[in-house]
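Reading through the structure tokens given below for one structure.
Rule-based calculations on the coordinates, nothing more; no lab input. In this text, all values refer to a predicted model and were calculated from it rather than measured experimentally. Cβ atoms come from the backbone with ideal geometry, glycine included; neighbour counts cover every protein chain shown.
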Amino acid sequence: MQEISLLLAVGLNHYLILSAILFTIGLSGVLLRRNLIVVMMSIELMLNAVNISFVAFSKYNYNPEGQVIVFFVMTIAAAEAAVGLAIIVSIFKRFKEVNIRFFEHLKG
Amino acid sequence: MSMDTVLFWFLSLIVIVPALAVVLLSNPVYSALSLVMTMVGVAAVFATLNAYFLAGVQLIVYTGAVMVLFVMVLMLFDLKHDLQTFSRGKVSGFLKIAGVGVMAGLLVGAISLATKKPSLIVEGSPLANELAAAAASGADNTKILAENLFLRNMLGFEILGVLLLVIAVGTVALSRSKGGTHARD
Amino acid sequence: MGNSSLEIIINLAKTVVVFLMMVQAVPILVWLERRGSAFIQNRFGPNRVGPLGLVQLLADAAKFLNKEDFVPDKGNRLLFYAAPVFALIPAAVAYMAMPMSTPLKIGDSTFLIQGYEVNVGIVFILGISAMAVYTMLMAGFGSSSKFSLMGAMRASAQVISYELALGLAIVGVIMMYGTFNLTDMVLAQQGAFHFSGFGREFSLSFLPNWGIFYQPLGAVIFFAAAFAESNRLPFDLAEGEAELVAGFHTEYGGFKMLMFFIGEYGHMMIASGLMTTFYFGGYGIPGWTIAEVYQTGVSIFGSETGGSIFSSVMHFLSYNVKFAIFLWIFIHVRWTLPRFRYDQLMDLGWKTMLPWALFNTILTATVIFLASQYVI
């Protein structure tokens, strides 16, 4: 009976678990992948996961502040993507590959 | 089984399967296109949470601009397959995933223990009625959001504007310094 | 969606009908385009198959179906096949949110004359039609040809640049009507030209209350940006024949090519529909308000259902007349103006249209604020 109600009554916890799964996938992408662009895409995944939990909290606590924060997160994600891609393009121009190990050549 | 429930399970499938594909596929172009699918799914999840305006903004900003940049850059590079998709060390890799999973699980457990109240809404209670009223007046949602953004969070909004300007200048400077996509030298 | 199962079924069927309507309009538009271009260039155009050449497109479609299913050898097969299918989806989904007439009331049930109503209509349509970029990128990358890739890059850079001007031009409209809902916008444009501000009422009885009279600059910017968004001449750098063969669909032939065509015409239809809805009163008939049309219908047919049907039909005709005029402007411009150079295109988007759209936004906001605060 407990399992069925868990399946049928979708509440805050369901959205939180969805967000956590998405965040885990994103973080494992950041830790495991070697391609810089895929690493950045995994970061976008993590930001989206956090956005889901913000919006879910905003709905279930009747507080619109959560949605405002999502706005800010989206703006910062767009800015981060722009700068990150600019760096990646300059790395590609230099080494003809976008593997993460080329980052150590950036110093100096 | 109500429509919302079916929708939630369907959408969570649409969000999670492409998200896995982003990490697991070795062709970065497929990863990027899967990420677009995830973004669309997340927008739909926002819509089920009555954040209609945010859902639209998610579509415009993420799928319309950010991901287009990613896909364009990938296609310019024309990388077929990554020579070394994942980092070395199978054991450490599994340890990393397991560590992250445990952390996320603990986080969700802690949050759901701390916020028991909203998930215990009973059908027909005053709280449920209020929720239904809020869901029915979805159009007012945007107005409330705007008032919150422009009256209570004005400083943050202005700072974001300045940040975006700095980012725009910085990106142009970065891509021009040592030859961007249109190098002359 | 509805309260009875019949209503739900009809609403679901309606989405299919709207999609078919959009697809069926394409052969007519192609015929119009070919005959129109022939008229402009003093030629005959297709005039052999059927009356006035109207059946030419059916013959073409039959020919397309018989063509060889060609895939480039080095190409990415998955993306190559997926791209034409995805070309249809954004256009169709976005077009369904367009209100085309007053709701049909039969007995207790109400049927909207649109696929579905979205209360953030504009944001939804912009977001969905922004996804058309992926079609071009997938086609360009999938066919693994330099021309295709260059065409796709140009097209996507152009689309995301002009999206800014397009979005900012719409902000003025949103501020003026105070809503995201397209139906509410149409209802706000009813009757004769009138507005209240600065503590008094202004009205002109000979002008309709259309958005173009409040937002002329926004309308011009929106229409120009809509041309760029749908990749039509003078902005069709993506398929500049002299430079890129045919842009992102160089490698496509047969039915897959036809699907790209349908997608492109779909974007044209969305642009025309939005132009009608934002600036030209939507489905409203100038000088004849919705209530008056309804009353006329009731007095002719003697029942409320008859009045409702009459009102829906009349407004649907009115919408389609305006819609067709804008589609014709699209076609006429294509065969009248030459193509821009690529740097001119980018300069126009970023250095001319974006500042003017920003100016329009600020001007609208200032006037709305002053009109609500001060008395002349």
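Being at the interface with chain A (Cβ under 7 Å from one of its Cβ atoms) and not β-branched (Val, Ile, Thr) is the filter here; which residues of the stretch B:1-38 pass it?
Across the stretch B:1-38, the qualifying residues are B:MET1, B:ASP4, B:PHE8, B:SER12, B:ALA19, B:LEU20, B:PRO28, B:SER31, B:ALA32, B:LEU35.
What is the number of the single condition among (1) buried (at least 18 other Cβ atoms within 10 Å of the Cβ); (2) away from chain B (no Cβ under 11 Å); (3) out of contact with any Gly (no Cβ under 7 Å at 6 or more places or on another chain); (4) under 22 Å from C:SER372 (Cβ atoms) that C:GLY172 does not meet?
Exception for C:GLY172: condition (3).
If I ask for residues that are among the β-branched types (Val, Ile, Thr) and at the interface with another protein chain (Cβ under 7 Å from one of its Cβ atoms), which ones from the stretch A:52-69 would you list?
The answer is A:ILE52, A:VAL55, A:VAL68.
Consider the stretch A:27-50. How many of its residues are under 28 Å from B:ALA168 (Cβ atoms), part of a helix (DSSP H, G or I) and either acidic (Asp, Glu) or at the interface with another protein chain (Cβ under 7 Å from one of its Cβ atoms) (or both)?
Qualifying residue count, the stretch A:27-50: 8.
Report every pair of residues separated by at least 6 positions or lying on different chains whose Cβ atoms are under 8 Å apart, first residue within the stretch C:274-291 and more than 17 Å from C:PHE180 (Cα to Cα), second hydroxyl-bearing (Ser, Thr, Tyr) and part of a strand (DSSP E or B).
none
Surrounded by fewer than 24 Cβ atoms within 10 Å (Cβ to Cβ), more than 26 Å from B:VAL71 (Cβ to Cβ) and not hydrophobic (A, V, I, L, M, F, W, C), is that true of C:SER144?
Against the criterion (surrounded by fewer than 24 Cβ atoms within 10 Å (Cβ to Cβ), more than 26 Å from B:VAL71 (Cβ to Cβ) and not hydrophobic (A, V, I, L, M, F, W, C)), C:SER144 does not qualify.
For the stretch A:89-103, enumerate the residues that are in a helix (DSSP H, G or I), within 7 Å of chain B (Cβ to nearest Cβ) and surrounded by 16 or more Cβ atoms within 10 Å (Cβ to Cβ).
A:VAL89, A:SER90, A:PHE92
Out of (1) closer than 30 Å to C:MET136 by Cβ; (2) of a type outside the set (Lys, Arg); (3) within 14 Å of chain B (Cβ to nearest Cβ), the odd one out for C:TYR177 is which?
Just one mismatch for C:TYR177, condition (1).
Select, from C:THR366, C:THR296, the only residue that is assigned to a helix (DSSP H, G or I) and surrounded by fewer than 14 Cβ atoms within 10 Å (Cβ to Cβ).
Selected residue: C:THR366, the only one of C:THR366, C:THR296 that is assigned to a helix (DSSP H, G or I) and surrounded by fewer than 14 Cβ atoms within 10 Å (Cβ to Cβ).
Quickly run through the stretch C:129-151 and pick out the residues that are more than 7 Å from chain B (Cβ to nearest Cβ) and of a type in the set (A, V, I, L, M).
C:ALA132, C:MET136, C:MET138, C:ALA139, C:MET150
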